[in-house]
Amino acid sequence: MSQVARIDEAAVRAPAEELDALVVGAGVSGLYQLYCLKQLGLKVKIFEAGDGVGGTWYWNRYPGARFDSESYSYAYSFSKDLLKEWNWAEHYSGQPENEQYLNFVTDKFALRPHIRFNARIKSAHFDGKTNHWHVETEDGHRARTRYLVSAVGILSAHHFPNIPGISSFKGMSLHTARWPKDKVDLRGKRVGVIGTGSTAIQLIPEIAPEVAHLTVFQRSANYACPLRNSKISDEEQESIKARYDEIFERCRRTFASFMQESDPRKTFEVSEEERYRFYEEVWAMPGFHKWFGLFHDIMTDDAANESYAEFVRGKIRERVKDPKVAELLTPRDHPFGSKRIPLETNYYETFNRDNVLLVDVKSDPIQAITPHGVKTGAQEYELDVIIYATGFDAITGELTRIDIRGEDGRSIKEVWDAEGPSTYLTFMSEGFPNFFIVNGAVFCNFTRCAEVVGNWVRDCVKYLRDHGYQRMEAEKAAQEAWVEHAASLTEGMLFTKTDSWFMGSNVPGKKRQFLFYAGGMPSFREKINEVAAKGYEGFRLS
Ligand code: NA7
């Protein structure tokens, strides 16, 4: 390109959009953050990669996608009007309704004009001279903003396995996290599903009756527990609305802001008879009771865990007719709850169908995707459609795909690849001033955290404005102390003994460490409020 052409191009480039705050992502936490920052009267915008709001509930349109938390414990709590106006149809609401809800919130609070859609951010570079971020989208739109807020979510960067030949497949390939908006017609097709995590466990029973034949490629069996979803009757609707304060107060108290609380007793403190009576009682309840409502030592004591794990294995055996298939579906390689517990409806019964085949790819791994299907060591399975339910590069994946660079030019990817996702309070990473991370890196019921974190960032930005500060950054020593504290909390936890997306170990080459803050929401809230009360101790303000 000639010198003249370059100058002309620069001259016609539109000036960058000027903002006080730019939020990345219009999912649950991004929408709330926009609402909060608008309250301060700031010029704020969301840049969203998709063409609609919803984040997780926009992208994950696969059949069967739904909440595993009660609809009303996942809902926003910040507006009494909203709680009054919105009627959840089901106790565990499905993706279409969840997306509608987030659109309803967007319009009710007039957020839509403040969202730029189809705006995937390519780069964000900090300018230390003016204390601004310079942001550019993939289609060349530019913005200059004082504050950059990442609300990209924890399960956004979908992940394909490293299997040779994926692009050679001549049929249709789908990833559950990029499911098309138009209905996918699977009738009469030979379909393969790779993966048996929470996503596949929701998907498989939905599509099995529709397809000609379904082949499920399972590498690891999971402890899936019955969801026990149902419609919300008019009386229940009234009762839920009358109890919202109580529901949210309950969530505030519990470790991970779910409605369920563990039983104060220890597993072996009670008689065998009482223990099994309690297991059955919990089993009959809906939702996460079967994970968070257990004896309190289940997640710390190996023998206690094994006692409950064996109970769950028995439940699986009862539901699957062929003992060989039942055994394959029975997890024996990890403790109960050390991976995310999938909640299911008719999952195990699906394997009693004549048109469903379970293939064990632990003993006979997938070697390649061929033009015609999936090839293991022993056999090639011919398919018309391959569905990848192979998960996400969780928590850090989406953020590190953006070229985010601090004042010294280092990217967040370089820093985190070297150190792990080091932050202070999960909110800020040293070297990246005025950059708030509200992705949800606390182990928690997502919306409950999003509100706590959104409020904290709003109050912080107000504080900076009221005190005339232009720049905020995490101090190295405070960050190091926080990272050490966060790591110490995971010692002895069963989560760390198992490979899963919680540990980053589902992605080859990713540093293995527990990626959530594991201290529980009550202590997290106490800590972040204390920091704020002390004038944002551990942050350098200037
Ligand atoms: P998960 O829970 O990470 O599950 C991914 C699944 O894909 C899991 O069963 C994997 O087996 C399987 N997988 C990945 N690579 C391969 C290969 N190469 N061969 C065979 N099987 C493979 O993702 P989900 O989407 O189900 O759930 C993520 C979260 O979304 C969930 O926890 C909810 O919070 C919502 P593996 O277990 O690694 O042996």
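Only one of the listed residues (Ser173, Ser239) is away from the ligand (no atom under 16 Å from the Cβ), polar (S, T, N, Q) and farther than 30 Å from Tyr308 by Cα. That residue is Ser239.
Could you tell me whether any residue of segment 416-426 is within 14 Å of the ligand (Cβ to nearest atom), closer than 25 Å to Cys460 by Cα and modelled with pLDDT under 95? For segment 416-426, residues within 14 Å of the ligand (Cβ to nearest atom), closer than 25 Å to Cys460 by Cα and modelled with pLDDT under 95: absent. Across segment 65-75, the number of residues qualifying as crowded, with 22+ Cβ neighbours inside 10 Å and in a loop (DSSP other than H, G, I, E, B) comes to 5.
In this structure, does Leu82 turn out to be outside any loop (DSSP other than H, G, I, E, B) and over 19 Å from the mean Cα position of the chain (by Cα)? In short, yes. For segment 142-170, a residue qualifies if it is under 24 Å from Pro433 (Cα atoms) and within 10 Å of the ligand (Cβ to nearest atom), and exactly one does: Ile154.
Filter segment 480-495 down to residues that are assigned to a helix (DSSP H, G or I), hydrophobic (A, V, I, L, M, F, W, C) and over 14 Å from Leu425 (Cβ atoms), then give me how many there are. Before the answer, list the steps.
First, the residues of segment 480-495 that are assigned to a helix (DSSP H, G or I): 480-489, 494-495.
Right, trim to hydrophobic (A, V, I, L, M, F, W, C) and you get 481-483, 486-487, 489, 494-495.
Narrowing the set further to residues that are over 14 Å from Leu425 (Cβ atoms) leaves 487, 494-495.
Going through segment 480-495 one residue at a time, the tally reaches 3.
Taking Phe432 as the residue in question, decide whether it is away from the ligand (no atom under 16 Å from the Cβ) and part of a strand (DSSP E or B). No, not satisfied. Of all positions in segment 452-461, none carries a residue that is touching a Ser or Thr at 6+ places or on another chain (Cβ under 9 Å), outside any helix (DSSP H, G or I), buried (at least 18 other Cβ atoms within 10 Å of the Cβ) and at pLDDT 95 or above.
So, in segment 135-151, exactly how many residues are in a loop (DSSP other than H, G, I, E, B) and out of contact with any Ser or Thr (no Cβ under 9 Å at 6 or more places or on another chain)?
Here the count works out to 4.
Only one of the listed residues (Phe502, Phe514, Phe524, Phe495) is touching a Leu at 6+ places or on another chain (Cβ under 7 Å) and among the aromatic types (Phe, Trp, Tyr). That residue is Phe502. Which pairs do you get when a residue that is in contact (Cβ under 8 Å) with a residue 24 or more places away in the chain and of a type in the set (D, E, K, R), found in segment 451-480, comes within reach of a residue that is part of a helix (DSSP H, G or I) and buried (at least 18 other Cβ atoms within 10 Å of the Cβ), reach meaning Cβ atoms under 7 angstrom, with the pair 6+ apart or on two chains? Hits for this filter: Glu451/Tyr32; Arg458/Cys36; Arg458/Leu37.
For Arg178, state whether it is within 30 Å of Tyr469 (Cα to Cα) and either surrounded by fewer than 16 Cβ atoms within 10 Å (Cβ to Cβ) or touching a Cys at 6+ places or on another chain (Cβ under 7 Å) (or both). Spelling it out, it is not the case that Arg178 is within 30 Å of Tyr469 (Cα to Cα) and either surrounded by fewer than 16 Cβ atoms within 10 Å (Cβ to Cβ) or touching a Cys at 6+ places or on another chain (Cβ under 7 Å) (or both).
Go through the residues of segment 387-399 one by one and say whether even a single one is within 14 Å of the ligand (Cβ to nearest atom), over 27 Å from Glu306 (Cβ atoms), surrounded by 20 or more Cβ atoms within 10 Å (Cβ to Cβ) and of a type in the set (Phe, Trp, Tyr). Taking every residue of segment 387-399 in turn, at least one turns out to be within 14 Å of the ligand (Cβ to nearest atom), over 27 Å from Glu306 (Cβ atoms), surrounded by 20 or more Cβ atoms within 10 Å (Cβ to Cβ) and of a type in the set (Phe, Trp, Tyr). When Ser271 is tested against (1) within 16 Å of the ligand (Cβ to nearest atom); (2) over 26 Å from Asn445 (Cβ atoms), just one condition goes unmet, and that condition is (1). Here Ala157 meets the list (1) under 30 Å from Phe443 (Cα atoms); (2) modelled with pLDDT of 95 or more almost entirely, failing just condition (2). Just the residues that are in contact (Cβ under 8 Å) with a residue 60 or more places away in the chain and either among the aliphatic types (A, V, I, L, M) or under 20 Å from Ile154 (Cα atoms) (or both), please, taken from segment 72-94. Scanning segment 72-94 gives Ser73, Tyr74, Ala75, Tyr76, Leu83, Ala89. Does any residue of segment 181-193 turn out to be in contact with a Pro (Cβ under 8 Å, 6 or more places away or on another chain), closer than 15 Å to Leu358 by Cα and within 11 Å of the ligand (Cβ to nearest atom)? Within segment 181-193, none of the residues are in contact with a Pro (Cβ under 8 Å, 6 or more places away or on another chain), closer than 15 Å to Leu358 by Cα and within 11 Å of the ligand (Cβ to nearest atom). Against the list (1) modelled with pLDDT under 95; (2) over 12 Å from the mean Cα position of the chain (by Cα); (3) not acidic (Asp, Glu), the condition Ile402 fails is (1). Looking across segment 194-220 at every residue that is more than 9 Å from the ligand (Cβ to nearest atom) and part of a loop (DSSP other than H, G, I, E, B), the one that is surrounded by the most Cβ atoms within 10 Å (Cβ to Cβ) is identified as Ala208.
Scanning segment 127-136 for residues that are buried (at least 16 other Cβ atoms within 10 Å of the Cβ) and at negative phi yields His132, Trp133, His134, Val135, Glu136.
Could we say that Ala124 is surrounded by 16 or more Cβ atoms within 10 Å (Cβ to Cβ), touching a His at 6+ places or on another chain (Cβ under 9 Å) and within 19 Å of Ser29 (Cα to Cα) here?
Values: surrounded by 16 or more Cβ atoms within 10 Å (Cβ to Cβ): yes; touching a His at 6+ places or on another chain (Cβ under 9 Å): yes; within 19 Å of Ser29 (Cα to Cα): no.
No.
Checking Glu526 against (1) surrounded by 15 or more Cβ atoms within 10 Å (Cβ to Cβ); (2) more than 30 Å from Tyr101 (Cα to Cα), only one condition comes out false. Which one? For Glu526, the exception is condition (1).
Being of a type in the set (S, T, N, Q) and surrounded by fewer than 22 Cβ atoms within 10 Å (Cβ to Cβ), is that true of even one residue in segment 466-478?
Restricting attention to segment 466-478, the residues satisfying the condition of being of a type in the set (S, T, N, Q) are 470.
So of that shortlist, the ones also surrounded by fewer than 22 Cβ atoms within 10 Å (Cβ to Cβ) come out as 470.
Scanning segment 466-478, I find at least one residue that is of a type in the set (S, T, N, Q) and surrounded by fewer than 22 Cβ atoms within 10 Å (Cβ to Cβ), so the answer is yes.
The values are calculated or read from the model by the stated rules, or taken from the named source; none is laboratory data. None of these values were measured; they are calculated from a predicted model. Backbone-built Cβ (ideal geometry, glycine too); neighbour counts: all protein chains shown.
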